[in-house]
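First the structure, then my questions, so here it is.
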Amino acid sequence: MSGIFKAYDIRGIYGQDLTEAIAYDIGRAYVTLTHAKKVVLGRDCRPHSVPLQEALARGITELGADVIDIGLCSTPMNYYANGSLGADGSVMITASHNPAEWNGFKLCRAQAVPISGATGIADIERIVADRAFDPPAATPGTVTAHDILPAYRAHIRPVMAFARKPRLAIDYANGMGIVEAKTFVDAIDQTALYGDIDGSFPNHEANPLHHATLAKLQETIRQGGYDFGVAFDGDADRAGFVDEKGDIIPMDLVTALIAQDVLKREKGVIFYDLRSSRVVKETIKAAGGTPMMSRVGHAFIKAQMREHNAIFAGELSGHYYFRDNYVAESSSMAAIALCNIVTQSGKPLSELIAPLRKYWCSGEINSKVACDPKEILAKLKAKYADGHVFELDGVSVEYPTWWFNVRCSNTEPLVRLNLESTKSREEMEARRDEVLALIRQ
């Protein structure tokens, strides 16, 4: 069971690692830890999300907390419900982009503040293992159904400022983007791919980070007449984008483009994760914003955004965070922002992105290692001690014309390399091979 308690959520294979009995215990442990009195529960479309939610609710209500059941929803909708309904916390039943046999829980405190491994998930694991639950309440809590979509839609719509009606192709991957996009699809012309809810994900993995999953979207876009394409992940807290030519847009460049637009209306702090191209920092600064680097992971980014009252943040993985959405993701707001930018500028998305495609990036490269990954990090620090070395997340080293970051996986003997040259593709490839040789020797 211990393997299901991850750095950012609780996740495992249904019926094997994650059962109704464990969900019931997690519900009791959640209330024991947080002392919540009102908890929002929502779920994705996997068939086993229903029995897991019921078991979780049974544990929560047994300890006296009330459950607001928002039913089938995206993860951004769950975060919004947490904040807008004045709940003491929330749980989203989802395994995001994982295959259909997986499921899990994304947990938050009040105001959609995430609970990570370091801020509560390890405590929940301990409470479950030690059977250290608070006693049942004299009066159990209640379960009340609530449709959050109308309020979420009304919350999202004010950011819409289309100069004309956009035409998009949207790959829903049979997941929760179908619900998330109800905030804006009536205002666009759309071609929907895999737009029927099906928690078996019969067409492809719901993960826009894997470029192979975007092939059908690219093919559709290349038939012509579209402004761009959108691809949601399984629980719709991430989105990938394809320009009007069918070319995949790196997600850090989407961060830069949205940041430019956000900063036209308000100057302030914008966060980007440390794997992002150097052009993101440069773009934020040029637009009058204050760029700040974050370590990878939504719990860390959200904490830093709150600390610095940041307006917006983006991750290389396709998470886009908005202060005005309880410092949480909204893939709808990201898609709408691109529609605003394209329709108001009168320029195709490829032309808007072109000035940002100025450097040469390796992309994230994973390497399995036989030794302790921390030994690799120590070796890299020693080898590149003449550069600017910092350890915000793993080891990062910066030189005038190139930089790299190497991080350890939280769950596997893997190290992840991201490297960029601001000089040439040749330098990027040479430095990439040099660092990979050290990692893999």
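The values are calculated or read from the model by the stated rules, or taken from the named source; none is laboratory data. From a predicted model like this one, the values you see are computed outputs, not experimental measurements. Cβ sites come from the backbone with ideal geometry, for glycine too, and all protein chains shown count toward neighbours. The area values use the complete protein model at the heavy-atom level, side chains included, leaving out ligands, DNA and RNA. Shrake-Rupley method; radii C 1.70, N 1.55, O 1.52, S 1.80 Å.
Just to verify a result, which residue in the range 27-55, among those that are of a type in the set (A, V, I, L, M) and more than 24 Å from the chain's Cα centre (by Cα), is most open to solvent (accessible area, probe 1.4 Å)?
Checking each candidate, the answer is Leu33.
Just to check your reading of the model, which residue among Tyr80, Tyr24 is open to solvent by 10 Å² or more (accessible area, probe 1.4 Å) and closer than 25 Å to Gly318 by Cβ?
Tyr80
With respect to Tyr24, determine if the residue is part of a helix (DSSP H, G or I) and more than 23 Å from Ala299 (Cα to Cα).
Taking the combined requirement at face value, the residue satisfies it.
Follow-up question, since we're still on this one. Looking only at the range 1-21, filter to residues that are open to solvent by less than 40 Å² (accessible area, probe 1.4 Å) and either of a type outside the set (Phe, Trp, Tyr) or part of a helix (DSSP H, G or I) (or both); which one of those is farthest from Ile93 (Cα to Cα)?
Ala7
In addition: Please work out which residue is farthest from the chain's Cα centre (by Cα), limiting yourself to the range 355-368 and to residues that are among the hydrophobic types (A, V, I, L, M, F, W, C) and surrounded by 18 or more Cβ atoms within 10 Å (Cβ to Cβ).
Trp360
Could you tell me which of the residues Cys339, Cys361 is touching a strand residue (DSSP E or B) at 6+ places or on another chain (Cβ under 8 Å) and over 18 Å from Arg278 (Cβ atoms)?
Cys339
On the given criteria, is Ala370 without any contact (Cβ under 8 Å) to a residue 60 or more places away in the chain, more than 27 Å from Asn207 (Cβ to Cβ), touching a Pro at 6+ places or on another chain (Cβ under 9 Å) and of a type in the set (Gly, Ala, Ser)?
The answer is yes for Ala370.
Of the conditions (1) in contact with a helix residue (DSSP H, G or I) (Cβ under 8 Å, 6 or more places away or on another chain); (2) more than 19 Å from Lys267 (Cβ to Cβ); (3) in a helix (DSSP H, G or I); (4) modelled with pLDDT of 95 or more, Ala299 fails just one. Which one is it?
(4)
Follow-up question, since we're still on this one. Name the single residue that is modelled with the lowest pLDDT among those in the range 363-401 being in a helix (DSSP H, G or I) and more than 10 Å from Val415 (Cα to Cα).
Across the range 363-401, the extreme among qualifying residues is Glu375.
Which condition breaks for Ala95 when tested against (1) in contact with a Gly (Cβ under 8 Å, 6 or more places away or on another chain); (2) touching a residue at least 40 places away in the same chain (Cβ under 8 Å); (3) more than 21 Å from Pro47 (Cα to Cα); (4) not polar (S, T, N, Q)?
All conditions pass for Ala95, except number (3).
Determine which single condition Glu62 fails, assuming it passes every other condition in (1) in contact (Cβ under 8 Å) with a residue 60 or more places away in the chain; (2) open to solvent by less than 20 Å² (accessible area, probe 1.4 Å).
(2)
May I pose another question? Met428 - would you say it is closer than 30 Å to Tyr226 by Cβ, hydrophobic (A, V, I, L, M, F, W, C) and not in a loop (DSSP other than H, G, I, E, B)?
no
Only one residue in Thr139, Thr119 is within 16 Å of Ile10 (Cα to Cα) and open to solvent by 40 Å² or more (accessible area, probe 1.4 Å), so which one is that?
From the options Thr139, Thr119, the qualifying one is Thr119.
Got at least one residue in the range 231-240 being at pLDDT 95 or above, of a type outside the set (S, T, N, Q) and closer than 17 Å to Leu356 by Cα?
Yes.
Can you pull out the residues in the range 186-240 that are assigned to a loop (DSSP other than H, G, I, E, B) and among the small types (Gly, Ala, Ser)?
Those that are assigned to a loop (DSSP other than H, G, I, E, B) and among the small types (Gly, Ala, Ser): Gly195, Gly199, Ser200, Ala206, Gly224, Gly225, Gly234, Ala236.
I've got another one for you. Can you tell me which residue among Ala256, Ala236 is open to solvent by less than 10 Å² (accessible area, probe 1.4 Å), under 19 Å from the mean Cα position of the chain (by Cα) and at positive phi?
The match here is Ala236.
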